1. Mind listing whichever residues of the stretch 116-130 are farther than 22 Å from PRO140 by Cα, exposed (fewer than 13 other Cβ atoms within 10 Å of the Cβ) and not aliphatic (A, V, I, L, M)?
2. Here's a check for you: in the stretch 132-159, which residue that is more than 19 Å from GLY15 (Cα to Cα) and surrounded by 15 or more Cβ atoms within 10 Å (Cβ to Cβ) is modelled with the highest pLDDT?
3. Could you list all residues from the stretch 6-52 that are surrounded by fewer than 17 Cβ atoms within 10 Å (Cβ to Cβ), hydrophobic (A, V, I, L, M, F, W, C) and over 15 Å from the mean Cα position of the chain (by Cα)?
4. So which of ILE91, ILE100 ends up being surrounded by fewer than 17 Cβ atoms within 10 Å (Cβ to Cβ), under 21 Å from the mean Cα position of the chain (by Cα) and assigned to a helix (DSSP H, G or I)?
5. Failed condition for GLU68, given (1) in a helix (DSSP H, G or I); (2) in contact (Cβ under 8 Å) with a residue 60 or more places away in the chain, with all others met?
6. What do you reckon, is GLN113 under 21 Å from LEU22 (Cα atoms), crowded, with 16+ Cβ neighbours inside 10 Å and without any contact (Cβ under 8 Å) to a residue 24 or more places away in the chain?
7. Step by step: first the residues of the stretch 74-88, then only those that are in contact (Cβ under 8 Å) with a residue 40 or more places away in the chain and either surrounded by fewer than 20 Cβ atoms within 10 Å (Cβ to Cβ) or touching a strand residue (DSSP E or B) at 6+ places or on another chain (Cβ under 9 Å) (or both), then the one that is farthest from MET11 (Cα to Cα). Which residue is that?
8. Whether any residue in the stretch 14-24 is touching a residue at least 24 places away in the same chain (Cβ under 8 Å), aromatic (Phe, Trp, Tyr) and farther than 24 Å from MET134 by Cα is what I want to check.
Amino acid sequence: MKTYLTYGLVMAIAGALLTLALFLLGFHTDPVKLQSAQWIGGGGGLVIGIVVIVLGTKARRAEVPATEGFGYGRALGTGVMIVLFGALFGIATNLLYTQIINPHMTDILMQAQIDKWEAAGMSSAKIEQAEAMMRKMMHPAIQAVFGFIGGMCFGTLISLITAAFLKREATSAEPPVVA
């Protein structure tokens, strides 16, 4: 359990640091730069997820005696548990970011989306309707649920792949006989 918690916390902190860096570099303060921030954040999040799941799974595998197998199911379960704790800790770091560090993030996201709708030629009446719905969907509790589900889905996909490479067969407790 300690391995899952540790690597889940590392995953959440690394994601929070990436988000904070994007904020400090001005990517989360300007609707024009938001598209770039989403690409950087998505790519960085993917790298963070892969690295943390691989390192965490290797650490958990090292805790299991070599005489016991660490099969695909066990490797997958380890990855999913790391992602579970990472997603739970991620809810807290996301709330901290959107409520305290950058409380205007919702407005910037809204403005970026409104700019896209205007560029697509959407009427102002439809934009107002869509904006009202989007603001409801941007409630912190709803965002936390979507973030958790999204994190679990992508993390599980990563775990499905990494488990195939990180499984280990049990070794014999007896040394091989040399003739």
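The values are calculated or read from the model by the stated rules, or taken from the named source; none is laboratory data. Quick caveat, the model's predicted, so the values are computed rather than measured. Reconstructed Cβ throughout: ideal geometry from the backbone, glycine too, with neighbour counts over all protein chains shown.
1. Correct list: LYS116, GLU118, GLY121, SER123, SER124, LYS126.
2. So, considering only residues that are more than 19 Å from GLY15 (Cα to Cα) and surrounded by 15 or more Cβ atoms within 10 Å (Cβ to Cβ), the one modelled with the highest pLDDT is MET134.
3. ALA21, PHE23, LEU24, LEU25, VAL32
4. ILE100
5. So GLU68 meets the others, but not (1).
6. Considered against the rule, which asks whether it is under 21 Å from LEU22 (Cα atoms), crowded, with 16+ Cβ neighbours inside 10 Å and without any contact (Cβ under 8 Å) to a residue 24 or more places away in the chain, GLN113 comes out as yes.
7. ARG74
8. no
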